[in-house]
Amino acid sequence: TSATLAYLRLLKRYKAQDCLPSTSVATIAAGAAAGSSPTVAVTGDAFSGSISVTTGTSATTGTLATVTLKITAPTGTRISLTPTNANATLHFLRVYAAGTTTTLVITVPTTALADATAYTYNYTVVPY
């Protein structure tokens with residue numbers, strides 16, 4: 001809001017574009033760990049939303065999905081990822097989420113997820 005922007009300017013901690021979402025929603029791209037011909041979707045904005053990944057064939061390890069948040073945080077982002085379906089809950093220890101100043105990256109580091117399986121998560125982002 002304009003009041004929040006005015007307050008942040010008063011503090012001189014952030015520029016106008018820092019940590020304030022644009023009118024655009026977040027976007028998502030599948031990574032190699034999602035396998036061949038996966039389906040990915042995101043609904044939400046720079047601060048919270050839902051992610052859906054249905055793996056294709058030959059899922060592997062590495063980046064599962066990258067969400068572009070439509071903000072530029074001054075230093076980075078703290079990410080909270082919560083599983084919202086049975087598959088994501090069962091395999092939650094196989095994935096982790098990390099943030100950059102502009103993205104949320106979900107990674108499968110050691111054991112690949114199952115092929116042709118839907119995984120859904122809610123995310124929360126705190127810029128710093």
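The values are calculated or read from the model by the stated rules, or taken from the named source; none is laboratory data. All values derive from a computational prediction rather than experimental measurement. No Cβ is skipped: glycine too gets one built from the backbone with ideal geometry, and neighbour counts run over all protein chains shown. Heads up: the accessible areas ignore ligands, DNA and RNA and are worked out on the full protein's heavy atoms, side chains in. Shrake-Rupley method; radii C 1.70, N 1.55, O 1.52, S 1.80 Å.
Suppose we filter the stretch 23-48 for residues that are on the phi > 0 side of the Ramachandran plot and assigned to a strand (DSSP E or B); how many remain?
1
If you scan the stretch 35-78, which residues turn out to be touching a residue at least 60 places away in the same chain (Cβ under 8 Å) and among the hydrophobic types (A, V, I, L, M, F, W, C)?
A46, F47, I51, V53
Mind checking which residues of the stretch 84-93 are open to solvent by 60 Å² or more (accessible area, probe 1.4 Å) and out of contact with any strand residue (DSSP E or B) (no Cβ under 6 Å at 6 or more places or on another chain)?
A86, L90, L93
Name the residues in the stretch 29-56 that are at pLDDT 95 or above and hydrophobic (A, V, I, L, M, F, W, C), would you?
A29, A30, A32, A33, A34, V40, A41, V42, I51, V53, listed by residue number.
Taking A59, is it modelled with pLDDT of 95 or more and assigned to a helix (DSSP H, G or I)?
no
Which pairs have Cβ atoms under 7 Å, sit 6 or more apart or on different chains, and link a residue in the stretch 82-101 that is more than 17 Å from V40 (Cα to Cα) and among the small types (G, A, S) to one that is open to solvent by 50 Å² or more (accessible area, probe 1.4 Å) and not in a loop (DSSP other than H, G, I, E, B)?
Close Cβ pairs (under 7 Å, with a partner that is open to solvent by 50 Å² or more (accessible area, probe 1.4 Å) and not in a loop (DSSP other than H, G, I, E, B)) amount to G99/R78.
Only residues that are over 13 Å from the mean Cα position of the chain (by Cα) and among the small types (G, A, S): list them for the stretch 94-127, please.
Residues satisfying the conditions are A112, A114, A116, A118.
Mind listing just one residue for me: the one in the stretch 24-83 that is within 17 Å of N122 (Cβ to Cβ), polar (S, T, N, Q) and in contact with a helix residue (DSSP H, G or I) (Cβ under 9 Å, 6 or more places away or on another chain) and, of those, most open to solvent (accessible area, probe 1.4 Å)?
Top of the filtered list is T82.
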